[in-house]
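The values are calculated or read from the model by the stated rules, or taken from the named source; none is laboratory data. As the structure is a prediction and not an experimental result, all values here were calculated from the model. Here Cβ is always computed from backbone atoms with ideal geometry, including for glycine, and neighbour counts include all displayed protein chains.
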């Protein structure tokens, strides 16, 4: 009788402790609330289509996982920075201070990326730059709290320069590009590796960013070059490619370009003038792997267009963030731990292929050499060669690489 | 060397031809009516967008040009008659008003056509290039030169040889007197503005296969148009024609010979002309 009572009390005690523990852990997860991601992209203005692509990529991933991680809901707070760093700063402050986000993501323009750095460092909030490619953001001006999952402008062109010399056999090339940092860095990278192998960039022509008529520059290109390499994106890319053909150059001199010039967003607006253009980027919608085929198919079904590298960048970046939150067991409030997880994360099933981060927070990933072809009536960036494990420093040692100044307008490898 | 000269000259003239279509309308509006029409570039852009939609639906470039120009011509007419006439000869309110319209048009275009850039498809019978004395030149650009010449001649004939043209000139020279002799000056003003808008929009469709159409086209071309009007002299058809060709050639040769000064080559002729002859080459006053 006494034994039975003690047992009953003991069982009751165990049961109540169990009950309290269960209630406590359920309440713990609920008390924490949703994980909030602040997403900054240009949704209006000249880059609205790219910004929407970014947003779609992020949404696509979150929908796939049901907006859930580690037992918590995910809330995506999207803000339009109008492709203007000042507006971007206002929105950044809003999501961090008013909405209390745990991570900041997105970021399109290089100028926005640079503008955000001091604030992010001051507030010690983990940030994931998914698109912008300004070299120095993860080199001489890198920030501790920023993890970039996109690329640097010269990362792909270092690789392409070597490919152009070794595989395509070019020795003399002419370069044209938009007169701003993106053009300088991309062509700088190309020139460096190309000339180190013995090639020569015999002409380098910078055109104002809003040039509409390229005819004066086109007729200036030396006719004895093996190829022409250009850095034009968006509307200038469209008009340049068309005019390159109209002035008879397409038949005579091969045209190579920066990856985004034949981006999946722009290709539908291009015609025969785009056929055969070779460029290099860390992604292509035509990449023939099971993971990418699935990504492209589901994306197309959901958004009725092929994913560009903007969409893939947002998709993979968001996956990066979510996997990092999972790695710290959902403790998104613990910013130091979360940042640590983001810096060490490795993803092997991103649509673009395998990648991991280097010590400066920039990806080491595949660079795909692509060629524009028409397949089933549609233009696409067919992958013709893969260069694996490309870092932002190419084959150079980081500290030696960083001793050199950033690629600029007047960059010349010969000069020390 | 002579190949270079030939190509650049042809380029310069074809660019000038497009500038003429854009600037002749502005010369009319700015020169004759003294209105600083900041929305003029918007007319060009909207004309191109409408042309894009029409040509994609009907495959007829001719229809695209016609509808694009007519629609915007009506828009211009309404803008003048309903809004601008409330501020006769008041520069600031007019500029504010046209600036407001520019912003509204821009957002409207973004809403309807989105933010992606497009080029208008070149009409099939004008695709390709021709070889002229050893240089390859796009056929379409030659066509543009031809069209602009026709438009210039047409405007000249209209102005000098027709009764309507005479009425226009009268209303411009002295609108009180013109009203006094029974001319419907307000209607004439409205129609003139509408004609300016019509020409700009027509230029937009014509320029579509070369420049493309995209958000931002409106303001990029506006500065070019003003340069032509300032260099050529406002209110003068001859001035627009000469100014366009001059600016086209200088800009082209400048960019080809010294690409580093690309930004400068456009505004240098304007500065020089303003310094020597403030009213422009053929301007009145």
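Miscellaneous remarks
- Residue within region B:100-115 that is part of a loop (DSSP other than H, G, I, E, B), facing chain A (nearest Cβ under 8 Å) and in contact (Cβ under 8 Å) with a residue 60 or more places away in the chain present: yes
- Test for residue B:237: is it surrounded by fewer than 20 Cβ atoms within 10 Å (Cβ to Cβ), more than 19 Å from residue A:179 (Cβ to Cβ), more than 10 Å from every other protein chain (Cβ to nearest Cβ) and in contact (Cβ under 8 Å) with a residue 60 or more places away in the chain: no
- Meets criteria (under 29 Å from residue B:235 (Cβ atoms), away from chain A (no Cβ under 14 Å) and exposed (fewer than 12 other Cβ atoms within 10 Å of the Cβ)) for residue B:162: yes
- Residue within region A:359-377 that is buried (at least 17 other Cβ atoms within 10 Å of the Cβ), over 20 Å from residue A:160 (Cβ atoms) and either at pLDDT 90 or above or touching a helix residue (DSSP H, G or I) at 6+ places or on another chain (Cβ under 7 Å) (or both) present: yes
- Of all residues making up region A:163-176, the number that are surrounded by fewer than 20 Cβ atoms within 10 Å (Cβ to Cβ) and either touching a strand residue (DSSP E or B) at 6+ places or on another chain (Cβ under 8 Å) or farther than 15 Å from residue A:226 by Cβ (or both): 4
- Residue under evaluation residue B:143, criteria (1) within 11 Å of chain A (Cβ to nearest Cβ); (2) under 20 Å from residue A:212 (Cβ atoms), criterion not met: (1)
- Helices (runs of 4 or more DSSP H) enclosed by region B:1-88 - at least 3 residues per element that are touching a strand residue (DSSP E or B) at 6+ places or on another chain (Cβ under 8 Å) and within 14 Å of chain A (Cβ to nearest Cβ): B:2-26, B:40-58
- Apart from one condition, residue A:268 fits all of (1) away from chain B (no Cβ under 14 Å); (2) more than 25 Å from residue A:356 (Cα to Cα); (3) in contact (Cβ under 8 Å) with a residue 60 or more places away in the chain; the exception is (1).
Yes/no per residue for (1) part of a loop (DSSP other than H, G, I, E, B); (2) touching a strand residue (DSSP E or B) at 6+ places or on another chain (Cβ under 6 Å); (3) at positive phi; (4) surrounded by fewer than 22 Cβ atoms within 10 Å (Cβ to Cβ):
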site	(1), (2), (3), (4)
A:202	no, yes, no, yes
A:221	yes, yes, no, yes
A:251	no, no, no, yes
A:293	no, no, no, yes
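- Looking across region A:295-335, the residues that are over 20 Å from residue A:356 (Cβ atoms), part of a helix (DSSP H, G or I) and in contact (Cβ under 8 Å) with a residue 40 or more places away in the chain come down to A:296, A:298, A:299, A:302, A:303, A:310, A:311, A:335.
- Residue check, residue B:192 surrounded by fewer than 24 Cβ atoms within 10 Å (Cβ to Cβ) and either within 14 Å of another protein chain (Cβ to nearest Cβ) or in a helix (DSSP H, G or I) (or both): yes
- Residue A:291 vs. criteria more than 12 Å from chain B (Cβ to nearest Cβ), farther than 27 Å from residue B:140 by Cα and in contact (Cβ under 8 Å) with a residue 24 or more places away in the chain: yes
- Residue B:225, sole failed condition from (1) away from chain A (no Cβ under 14 Å); (2) surrounded by 24 or more Cβ atoms within 10 Å (Cβ to Cβ); (3) at pLDDT 85 or above: (1)
- Yes/no for residue B:242 being surrounded by fewer than 22 Cβ atoms within 10 Å (Cβ to Cβ), within 14 Å of chain A (Cβ to nearest Cβ), touching a residue at least 12 places away in the same chain (Cβ under 8 Å) and part of a helix (DSSP H, G or I): no
Here is a yes/no grid of residues against (1) out of contact with any helix residue (DSSP H, G or I) (no Cβ under 8 Å at 6 or more places or on another chain); (2) farther than 30 Å from residue A:387 by Cα; (3) surrounded by fewer than 24 Cβ atoms within 10 Å (Cβ to Cβ):
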{"site": "A:96", "(1), (2), (3)": "no, yes, yes"}
{"site": "A:106", "(1), (2), (3)": "no, no, no"}
{"site": "A:115", "(1), (2), (3)": "no, yes, yes"}
{"site": "A:121", "(1), (2), (3)": "yes, yes, yes"}
{"site": "A:151", "(1), (2), (3)": "yes, no, no"}
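- Matching option when the condition is out of contact with any strand residue (DSSP E or B) (no Cβ under 9 Å at 6 or more places or on another chain) and farther than 16 Å from residue B:29 by Cβ, among B:239, B:207, B:179, B:196: B:179
- Among the numbered conditions (1) touching a helix residue (DSSP H, G or I) at 6+ places or on another chain (Cβ under 6 Å); (2) buried (at least 22 other Cβ atoms within 10 Å of the Cβ); (3) part of a strand (DSSP E or B), the only one that residue A:349 does not meet is (2).
- When residues of region B:89-99 are limited to those that are over 19 Å from the mean Cα position of the chain (by Cα) and either free of Cβ contacts under 8 Å to residues at least 24 places away in the same chain or assigned to a helix (DSSP H, G or I) (or both), the one farthest from the other protein chains (Cβ to nearest Cβ): B:90
- Residue in region A:66-74 that is touching a strand residue (DSSP E or B) at 6+ places or on another chain (Cβ under 8 Å), assigned to a helix (DSSP H, G or I) and crowded, with 18+ Cβ neighbours inside 10 Å present: no
- Here residue B:252 fulfils each of the conditions (1) more than 18 Å from residue B:13 (Cα to Cα); (2) in a helix (DSSP H, G or I); (3) within 14 Å of another protein chain (Cβ to nearest Cβ) apart from (1).
- In the set (1) away from every other protein chain (no Cβ under 14 Å); (2) within 24 Å of residue A:150 (Cα to Cα), residue A:232 fails one condition alone, (1).
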